[in-house]
Each structure stands twice: as C-alpha cells, then as structure tokens.
Amino acid sequence: MPMQKTASLESDLRQRLEAGEWQPGDQIPTERAFATEYGVARNTIRKILTRMVEDGLIERRVGQGTIVLDRPDTQFASVLEHFLNASPIDILNLRIYIEPHSAAAAAKNASAAELEAIVAADAKCAEATDLDLYEYWDSEFHRRIHEAAHNAFLTDLYDLMSIIRFQPPMMEIRRRSFNEERRQAYGSEHGAIVTALKNWDGRAAAAAMRAHLLSRRYNYFGQ
C-alpha cells in the first residue's frame, strides 16, 4: 500500500479518536473490521494501531480487545472543570489545609519588600468599607503571603481558588456575612498573621492563618 495512503488512513483514525467517536474505556473496532471498512490489508491496520499504542492513545488488552486510553490533556481538562465547579465550602476547606503552610513558609522566606507589600494590602483592607473593595484587598493580602512563601505552584493554586472566590455564589455568601463587626474582627486576625510574619515565627503564622480561615468558615457556613 502506498505510504501516502497509509499516512492518510492513520490521520483519519486519529482524527476520529480525537473527535470522540470512541471515548476513554471504549473498545475500538477490530483490525479485521477496520481493514474491511478501509479496504486495506489487516497488516496495514496493525502497523497503524501499533503506532497509536506507542503514542499512548490506545492499549491492547488480552480478552478485551483494543481500548481507548484517557489522555493526560483530557484528564487535566476534566480535573480543571471539576475544580472550577467546586462548592464555596470545599474551596474554603482547601484553603484551611493549604494557607497555614504558606504562612509558615512566608515567615521564613519573605523579603523585607514582600513583608511591606503584605502590610500594605492589610492596610487597604482596614480602610475599605465597601465589600467589593474589601474583598479585592483581602484577596491581595492572602495572595502576597503565598508569593512570600516562594512556592510558585501554591501561588498559581491560590489564583485558581480566587476564581471561585469571586463567582456570584461565593460573593453572595460574603455579602450576607459582611458587617462592620466582622470586618473589624477580620482586621484583628490579619494583624495576628502580620505580627507573626514580622517576628519570623512560622508556627504562630500558621496558627493565626488557620484561626482566621476557621473564623471565616464559621461566619459563612456555621461550621
């Protein structure tokens, strides 16, 4: 069979797979079925499928035939979609796990300039009485702590969590909870975090961050 026709046939099979004609876990047609469909020898199909196996697109399983594999790019898209659709309380619980560790790392790793940036964001929070402005600077306060931890992955993860933070469902929860008494309480909690960071006290920074986020969870969800 001419090489050009073989390449065209392989391209067609790959396009069909990419288009979702067969989903991960599906069994694709047999070599005999493909050979009949395309009017070629089974050996031609076998060589094409072998290359697709080598590329991690499909897998031959004894007793099951040839199965479509879940590609890393589709796995990532699925995970990202699930993450972005997470509930507000799930995101807050994730922050409770992660941010105390970032605060502890920031206490050890923050530069003088990074500490100044954290303090500046906290000062903007203290000045803001409008919810949207307050939430912006509160987010910046937490983000700058992640940056001061010097872990780029944690900063990127916080940015992802912030997407959910500013979605209407979460903002509505925050709006219902926002009042002057709580704004002042959050300011005191921020102050405890800042004091620990300035003292290079990682344990105190982690404890203060955890207390702050637990306070938020109780005010939002009663937990």
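Read-outs: derived from the displayed coordinates by stated rules, not from any lab. Note that this is a predicted model, so its numbers are computed, not measured. As a convention, Cβ positions derive from the backbone with ideal geometry for all residues, glycine included, and neighbour counts pool all protein chains shown.
How big is the charge dipole of region 3-70 about its Cα centre, in debye rounded to the nearest 20, if each Lys and Arg gets +1 on its Cβ and each Asp and Glu gets -1 on its Cβ?
360 debye
On a 0 to 90° scale, report how tilted helix 72-84 is relative to the longest principal axis of the chain, with both axes built from alpha carbons and the result rounded to the nearest 10.
30 degrees
Lysine pairs in the chain 8 or more apart or on different chains: how many have alpha carbons under 27 angstrom apart?
Lysine pair count for the chain: 4.
Multiply the residue separation of Ala112 and Thr30 by 0.36 nm, subtract the distance between their alpha-carbon atoms, and state the gained length in nm to one decimal.
Extra length from Ala112 to Thr30 when fully extended: 23.0 nm.
Ranked highest first by average number of other Cβ atoms within 10 Å, how do 160-169, 186-195 line up?
Put in order of decreasing packing, that is 186-195, 160-169.
Using mean projected area of the Cα convex hull in nm² as the read-out, say which of (i) 13.9; (ii) 17.5; (iii) 12.7 was calculated from these coordinates.
(ii)
Hey, what do the phi angles of region 180-196 turn into as Karplus ³J(HN,Hα) couplings, whole Hz, using 6.51/-1.76/1.60 and θ = phi - 60°, x for Gly and Pro?
Residue by residue, region 180-196 yields 5, 4, 6, 4, 5, 5, 5, x, 5, 5, 4, x, 5, 5, 4, 4, 5 Hz.
Which distance in nm do the two modelled labels at Phe153 and Asp132 give, with both placed 7 Å along the Cα-to-Cβ direction?
My value for the distance between the label points is 3.6 nm.
Test of understanding: what is the full-extension gain from Arg183 to Ala211, defined as 0.36 nm times their sequence separation minus their Cα-Cα distance?
Length difference between fully extended and current span is 8.6 nm.
Hey, what did region 3-70 get for relative contact order, percent, Cα under 8 Å, at least 6 apart?
Computed value for region 3-70: 34 percent relative contact order.
Quick one: what are the phi-derived ³J(HN,Hα) couplings along region 7-14, Karplus 6.51/-1.76/1.60 with θ = phi - 60°, whole Hz, x for glycine and proline?
4, 5, 5, 4, 4, 5, 5, 5
Calculate one ³J(HN,Hα) per residue across region 159-170 by plugging θ = phi - 60° into the Karplus curve 6.51 cos²θ - 1.76 cosθ + 1.60, and present them in order as whole Hz with x for glycine and proline.
So the Karplus estimates, Gly and Pro as x, are 4, 5, 4, 5, 4, 5, 4, 9, 6, x, x, 6 Hz.
Give me, ordered by chain and number, the residues 5 or more places off Ile58 or on other chains with an amide H under 5 Å from its own placed amide H.
Sorted by chain and number, the residues that satisfy this are Val53, Leu69.
Relative to the Cα centre, what is the charge dipole magnitude of the chain, using +1 at the beta carbon of each Lys and Arg, -1 at the beta carbon of each Asp and Glu, and rounding to the nearest 20 debye?
The dipole magnitude comes to about 660 debye.
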